[in-house]
Amino acid sequence: MKIYLNGKFVDKEEAKISVFDHGLLYGDGVFEGIRAYDGVVFMLKEHIDRLYDSAKAICLDIPLTKEEMIEVVLNTLRVNGLKDAYIRLVITRGEGDLGLDPRKCKNPNIICIAVPMDPLLGEDGIRVITASVRRLPVDVLPPAVKSLNYLNSILAKLQANYANVDEAFLLDENGFIVEGTGDNIFVVKNNILKTPPVYYSVLKGITRDVVIKLAKEEGIEVREEPLTLYDLYTADEVFITGTAAEIVPVFEIDGRKINNGKIGEITKRLKEKFKEVRKKWGIKI
Ligand code: PMP
């Protein structure tokens, strides 16, 4: 396996950065998770746009153009001979000292890793709990910034692990349900597809955007509106979306069965549409 590290391709064992990197010391950096399907990097331009927006939000100047970053991703896949892969693009603030000041970090580290990876949570339905830890408020650390600091999600995931379920959903500070630890949430009620709006504590998921577009193309009404636990417990269908997980039906939330633990019709339709477009909407390797 060859890893892209600051302009070079190196063996995994040689892909090393400083222990003074502020990405390690403070979670100071940004990243993207991207997938390639059958030689096409799905929604690559959109992922790169989000990466640069995340970096801008934390005043991290990426020393490559977006076009060069696209080539980094494509070349990582070429060098490793991969047509289907999960790609992790990481930009850290770079090496500094033990003080918190980002001005001390002069050179960001740019890392690109590509590996074969099955859907993260499997292809069947999942069981979920609501985490007691709340999602970060937008005026604390905006979840729209895909930063290297994922402790908020990890705390929620620990609760899912202790409860022996697959995933945890997080509420925002007002008690509205916002997202999973690494995925967006959709519910279907009376044939209307609903998902929390991105002005709450939600990452604007790229899979989320694709699903909204596909649903509209299918003539399904889509509403982006605040959702409560009641909306989830009483939904006809619930599913999650994310690059690593793809589209996964939720069969149980806090002990309440959803659709009798079976995949719903709209979820199934959207999963099929997604499979059709994922080899088309993107950039060829
Ligand atoms: N929310 C969070 C917190 C995430 O980490 C992810 C994964 N990037 C998502 C939602 C889904 O986003 P996407 O569809 O762009 O992968």
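The values are calculated or read from the model by the stated rules, or taken from the named source; none is laboratory data. These numbers were taken from a predicted model, which means no experiment stands behind them. Note: ideal-geometry Cβ built from the backbone for every residue, glycine included; neighbour counts use all protein chains shown.
Report, by residue number, each residue of segment 213-237 that is surrounded by 18 or more Cβ atoms within 10 Å (Cβ to Cβ), without any contact (Cβ under 8 Å) to a residue 60 or more places away in the chain and closer than 22 Å to E123 by Cβ.
A215, A235, E237
Just checking, does segment 168-180 include any residue being within 20 Å of Y233 (Cβ to Cβ), touching a Gly at 6+ places or on another chain (Cβ under 7 Å) and acidic (D, E)?
No: zero hits.
With respect to the numbered conditions (1) more than 8 Å from the ligand (Cβ to nearest atom); (2) of a type in the set (D, E, K, R); (3) closer than 21 Å to I258 by Cα, which one is the sole condition not fulfilled by E179?
Status for E179: all satisfied but (1).
Condition check: surrounded by 13 or more Cβ atoms within 10 Å (Cβ to Cβ), touching a Ser or Thr at 6+ places or on another chain (Cβ under 7 Å) and modelled with pLDDT of 95 or more. Does P108 satisfy that?
Taking the combined requirement at face value, the residue satisfies it.
What are the residues in segment 118-145 that are within 14 Å of the ligand (Cβ to nearest atom), surrounded by fewer than 20 Cβ atoms within 10 Å (Cβ to Cβ) and charged (D, E, K, R), if any?
Residue satisfying the conditions is R134 alone.
Within segment 157-176, take every residue that is among the hydrophobic types (A, V, I, L, M, F, W, C) and surrounded by 17 or more Cβ atoms within 10 Å (Cβ to Cβ) and give me the one that is nearest to the ligand (Cβ to nearest atom).
Start the filter on segment 157-176 by keeping residues that are among the hydrophobic types (A, V, I, L, M, F, W, C), which leaves 158, 160, 163, 165, 168-171, 176.
From what's left, surrounded by 17 or more Cβ atoms within 10 Å (Cβ to Cβ): 160, 165, 168-171, 176.
Working: A160: 14, V165: 18, A168: 11, F169: 11, L170: 9, L171: 14, F176: 15 Å.
So, considering only residues that are among the hydrophobic types (A, V, I, L, M, F, W, C) and surrounded by 17 or more Cβ atoms within 10 Å (Cβ to Cβ), the one nearest to the ligand (Cβ to nearest atom) is L170.
Quick one: in segment 195-244, which of the residues that are of a type in the set (D, E) and in a strand (DSSP E or B) is farthest from the ligand (Cβ to nearest atom)?
E221
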